[in-house]
Amino acid sequence: MKLSQKVQDMQFSPIRKFNAYAIEAKAKGKKVYHLNIGQPDIKTPKAFMDAIKGFDSEVLAYAESGGLVQLQDAIANYFKRFDMDIQRQDVLITNGGSEALNMIYTCILDYGDEVLVPEPFYTNYQTFISAAGGKIVPITTQAEEGYQYAYGDRIEKAITEKTKAISLVNPGNPTGTILSREEMRVIADVAKKHDLWIIADEVYREFAYDGREMTSFGQLEDIKERVIIVDSVSKRFSACGARIGCIVSKNQELMSNALKLAQGRLCCPTLDMIGATALYELEPSYFNEVRVEYEGRRDAAYEEIMKIPGVVCHKPGGAFYIMVKLPVESSEDFLVWLLTEFEDQGETVMYAPIQGFYGTAGLGRDELRIAYVLNKEDLVRGVELIRLGLEKYKALGYK
Ligand SMILES: Cc1ncc(COP(=O)(O)O)c(C=O)c1O
């Protein structure tokens, strides 16, 4: 018996790969600051729980495969804030943004088809695209360039007759890079010229800092038939456990074919959809406080990171991640050492080494991602532990 090549091509989560070391460190009594995962600590709005408490049917029945109509409408209304004309039929509710991605790739890829993805990328893209029989063609970005990728010539160079889509996360995970309107235009023009889909994963849309505009690829009228938006309540409303996301597209052929997949898995959890409706109905002002909090954390983390000698770090404009390039040969080895050998006053730190976020072998060995999802004090202490650890690591002669 043999497993499929598709599943063998997938990788285990590079974020979770080092958990065993952290568990061992904790068992030895060390406190570990987790800067490695994107689980926000912001409270889920009470409106979510209240809406679920108000559920009074006697049977928890299947819902429509495309989602509860009131949730589809709430999402369509939410997009009006961005001057987008989204109707109920343009919204398909999914089990998180994850299922939205899975369905989209299944809908657009045949075996051997290629998807352009700026690297480093959210690692599950590898899993979703492989599962659909496709292949990632990475658009490599550089720490020194702030991980920018909207360069028409570089993108065009990677296009072949098998290229079906440009898939991007904006604001970005893991880089925090955020596209300006001009940069979105560059990508839109390439997609138009080569007849490609744009899969715009916008699950971090509201996390745009320093007065940057919150945008959506859906705002570009001339490409609305080729844009597929991925959305989710997980990060936006700090409701990762709700498992509610959606596909948003004006392309009705795509939407009606995605519905076949939705019908195959029957429906999304009814109670979570009821809670999510209340979230999308929150006033836009809800985000102001959250944004200020994250922006403050980003600044605090960045300031502390810049105290590390030899570091390369670009202050990101969005999402809640910062990429850091350290003067080490391997950020994976350094992490294992931090968790197994190092401590400062009984404390150590965990981050996400970034090598597994690249599709190109050998890249990112000296880079890591910090998720600024902890309160400022813990965040600063976590980064300080990286600096103190690095000093010791170097003093011991490690490279
Ligand atoms: C870029 C990006 N897309 C999609 C997801 C999927 O999230 P969920 O399935 O919880 O909506 C995540 C989660 O971390 C993410 O970072």
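The values are calculated or read from the model by the stated rules, or taken from the named source; none is laboratory data. Owing to the predicted nature of the structure, the values given are computational and were not obtained by experimental measurement. Here the Cβ is made from the backbone with ideal geometry for all residues, glycine too, and neighbour counts use every protein chain on show.
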Quick check on GLY96: is it loosely packed, with under 13 Cβ neighbours inside 10 Å and on the phi > 0 side of the Ramachandran plot? no
With the checklist (1) buried (at least 18 other Cβ atoms within 10 Å of the Cβ); (2) touching an Asp or Glu at 6+ places or on another chain (Cβ under 6 Å) in hand, flag the one item ILE129 doesn't pass. (2)
Before we move on, is ALA239 touching a residue at least 60 places away in the same chain (Cβ under 8 Å), of a type in the set (A, V, I, L, M, F, W, C) and within 13 Å of the ligand (Cβ to nearest atom)? yes
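Condition check ((1) part of a strand (DSSP E or B); (2) at pLDDT 90 or above; (3) of a type in the set (Phe, Trp, Tyr); (4) outside the structural domain of ASP110 (by TED's automatic domain parsing)) across all residues:
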| residue | (1), (2), (3), (4) |
| --- | --- |
| GLN11 | no, no, no, yes |
| ILE23 | no, yes, no, yes |
| GLY29 | no, yes, no, yes |
| ASN36 | no, yes, no, yes |
| GLN39 | no, no, no, yes |
| ILE52 | no, yes, no, no |
| SER57 | no, yes, no, no |
| TYR62 | no, yes, yes, no |
If you scan the range 243-274, which residues turn out to be out of contact with any strand residue (DSSP E or B) (no Cβ under 9 Å at 6 or more places or on another chain) and surrounded by 21 or more Cβ atoms within 10 Å (Cβ to Cβ)? ASP272
Would you list the strands (runs of 3 or more DSSP E) that sit entirely within the range 316-379 and hold 3 or more residues that are over 16 Å from ARG16 (Cβ atoms)? 321-325, 347-350
Part of a strand (DSSP E or B), assigned by TED's automatic domain parsing to the domain that holds ARG16 and modelled with pLDDT of 95 or more - does that describe any residue in the range 281-299? no
Could you grab me the full set of residues in the range 74-125 that are aromatic (Phe, Trp, Tyr) and within 16 Å of the ligand (Cβ to nearest atom)? TYR78, TYR105, PHE121, TYR122, TYR125
Which of the residues spanning the range 312-345 are on the phi < 0 side of the Ramachandran plot and within 16 Å of the ligand (Cβ to nearest atom)? PRO316, GLY317, GLY318, PHE320, TYR321, ILE322, MET323
Quick check, is SER234 in the same structural domain as GLY54 (by TED's automatic domain parsing), of a type in the set (Ser, Thr, Tyr) and surrounded by 23 or more Cβ atoms within 10 Å (Cβ to Cβ)? no
Might you let me know whether the range 41-56 holds any residue that is under 28 Å from GLN126 (Cβ atoms) and touching a Lys or Arg at 6+ places or on another chain (Cβ under 9 Å)? no
So in the range 41-50, with the set limited to residues that are in a helix (DSSP H, G or I) and surrounded by 15 or more Cβ atoms within 10 Å (Cβ to Cβ), which one is farthest from the chain's Cα centre (by Cα)? ALA47
Please give the number of the condition ARG226 fails out of (1) crowded, with 22+ Cβ neighbours inside 10 Å; (2) in the same structural domain as MET84 (by TED's automatic domain parsing); (3) of a type outside the set (A, V, I, L, M); (4) in contact (Cβ under 8 Å) with a residue 40 or more places away in the chain. (4)
Report yes if ASP201 is in contact (Cβ under 8 Å) with a residue 12 or more places away in the chain and more than 20 Å from ILE75 (Cα to Cα), otherwise no. no
